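**Student:** Structure below; questions to follow.
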Amino acid sequence: MICRERQVAIMPRPKKFPDYNADKIQKELIKAVVESYEETGELKITANEFSLSPLKIRKMLITAGVYWNEVSDEVNELYRQGKTVQQIMEITGLKKSSVNGYLPYSKIIYKSDIVSMNAARIQVYRKRKVSVELLNNKPDEDTLWSAITAFQDYPFHTFSGLPFLYKIPVGRKGILNRELWVDRRDKSKSLTWSSVLLAYEKVRELDDKIVEKPKDIGDIRGISYIYPIFYRFGLIDVPEKIAARMELKTTRKRGIMR
């Protein structure tokens, strides 16, 4: 009896993210960052939008040619002259990380986990932007809920400057519960959808959209968290000093709900 070895074809390992084009995604991310920065005018606000550090945001903006200052001009001029990073450090007195931070990206990041994360950042940014536009163009309960769901995990700050974010728990059959679980790091609390809706109704009744403090909307449970959320959505405006405290900018162009 002759025993023949079976030949087994070795198939190539499939790509983890076959549909992701690293070059395209990096360009799209930089484009989205520029779009956000041109609207807000501040690095930290744009950094919040994409869950990235202000330094990485600045590097992307420098790469796109829309951000510059005296230091970045000096660093990039020296680099164009053929100076090495070490030489630029010696001339400017900057650390290596600072010099690199002022130089544009020179290569594409191909690590699959980073590429997929950047793709997700673009998707989340677009979803949030569209949800706010819809809410201001068609203000109702449905568009408000869409905006609320889109801004899960967004880094908000309260009237007094305390950071928080919220999540919406998933109930039975995978349906989102009408409840916001607010995470304040040191403690968490539940914010009901009925409180958000009540605050929304109060805001629509206001004659003046500049709201000095949360209680001016009403004595509503969780209003200290609803206040910055509504400001981010463009439903209210706030005094400049309060906007700065919440790490937002009052000169942002927002559609105010009528």
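Any read-out appearing in this document is the output of simple, stated calculations on the displayed coordinates, not a laboratory observation. Predicted model only: the values in this text are computed from it and were never measured. Neighbour counts are summed over all protein chains in view; Cβ atoms, including those assigned to glycine, are modelled from backbone coordinates with ideal geometry.
**Student:** Please give the FRET efficiency for THR149 paired with ILE108, using the beta carbon to beta carbon distance and R0 = 41 Å, rounded to the nearest 0.05.
**Tutor:** My answer for the efficiency is 0.80.
**Student:** Next question. What number, in nm² with one decimal, is the all-direction average of the projected area of the convex hull of the alpha-carbon atoms of the stretch 24-140?
**Tutor:** 8.3 nm²
**Student:** Here's something else I'd like to know. From the C-alpha gyration tensor of the stretch 138-258, pull out the three semi-axes of the equivalent ellipsoid (sqrt of 5λ each), sorted largest to smallest, in whole Å.
**Tutor:** 22, 17, 13
**Student:** So what are the ³J(HN,Hα) numbers for the stretch 47-52, from phi and the Karplus equation (6.51, -1.76, 1.60; θ = phi - 60°), rounded to whole Hz, Gly and Pro as x?
**Tutor:** Rounded to whole hertz, the list is 4, 4, 4, 10, 6, 10.
**Student:** Related question: Averaging the inverse of every distinct alpha carbon separation and then flipping it gives the Kirkwood radius. What is it for the stretch 30-95, in angstrom units?
**Tutor:** Here the Kirkwood hydrodynamic radius works out to 12.7 Å.
**Student:** Give me LYS138, LYS24, LYS127, LYS173 ranked fewest to most by other Cβ atoms within 10 Å of their Cβ, as a rough exposure proxy.
**Tutor:** Going from sparsest to densest Cβ surroundings: LYS173, LYS138, LYS24, LYS127.
**Student:** Work out from phi, with θ = phi - 60° and the Karplus expression 6.51 cos²θ - 1.76 cosθ + 1.60, the ³J(HN,Hα) of each residue of the stretch 166-181, listed in order in whole Hz, and give x for Gly and Pro.
**Tutor:** 9, 10, 10, x, 9, x, 5, 6, x, 8, 5, 6, 7, 7, 10, 9
**Student:** On to the next question. Could you pull out which residues in the stretch 39-76 have an amide N less than 16 Å from a spot 7 Å beyond the Cα of THR92, following the Cα-Cβ vector?
**Tutor:** Answer for this model: 55-76.
**Student:** Using the Karplus curve 6.51 cos²θ - 1.76 cosθ + 1.60 with θ = phi - 60°, work out ³J(HN,Hα) for each residue of the stretch 139-156 in order, rounded to whole Hz, and write x for Gly and Pro.
**Tutor:** Going residue by residue, I get x, 7, 4, 5, 5, 5, 5, 4, 5, 4, 5, 5, 9, 4, 6, 6, x, 8 Hz, with x marking Gly and Pro.
**Student:** Taking amide hydrogens as modeled 1.01 Å from N in the peptide plane, which residues meet the under 5 Å criterion relative to ASP237, leaving out close sequence neighbours?
**Tutor:** Result for ASP237 returns ILE210, VAL211.
**Student:** Okay, moving on. Using a 10 Å cut-off around each Cβ, can you sort TYR20, TYR227 from fewest to most neighbouring Cβ atoms?
**Tutor:** With the sparsest Cβ surroundings first, the list reads TYR20, TYR227.
**Student:** Assuming R0 = 35 Å, what is the FRET efficiency of ASN69 and ARG172, from their Cβ-Cβ distance, to the nearest 0.05?
**Tutor:** Computed FRET efficiency for ASN69 and ARG172: 0.05.
**Student:** Then there is this: Straight-line reach from LYS27: which lysines have a Cα under 26 Å away, not including same-chain ones fewer than 8 places off?
**Tutor:** Partners found: LYS15, LYS16, LYS44, LYS56, LYS59, LYS96, LYS107, LYS111, LYS127, LYS129, LYS253.
**Student:** LYS213 to ARG184: FRET efficiency via 1/(1 + (r/R0)^6), r the Cβ-Cβ distance, R0 25 Å, to the nearest 0.05?
**Tutor:** For R0 = 25 Å, the calculated efficiency reads 0.85.
**Student:** Here's a follow-up. If each DSSP helix of 4+ residues adds -39,500 (n - 2.57) and the sum is divided by the residues in the chain, what number results at 222 nm, nearest 500 deg cm²/dmol?
**Tutor:** -15500 deg cm²/dmol
**Student:** While we're on this one: Where the centroid of each part is defined by its Cα atoms, how far is the stretch 50-116 from the stretch 145-167 in Å?
**Tutor:** So the separation of the two Cα centres works out to 31 Å.
**Student:** Hey, can you rank 62-70, 44-52 by average C-beta count inside 10 Å, highest first?
**Tutor:** Answer by packing, highest mean first, reads 44-52, 62-70.
**Student:** Please identify, among TYR79, TYR125, TYR225, the residue showing maximal mean-square fluctuation in a Gaussian network model of the chain using a 10 angstrom Cα cutoff.
**Tutor:** Maximum among the listed residues: TYR79.
**Student:** Taking the Cα atoms of the chain, what is the range of coordinates along each of the three principal axes, in descending order and whole Å?
**Tutor:** Reported extents, whole Å, longest axis first: 79, 76, 36.
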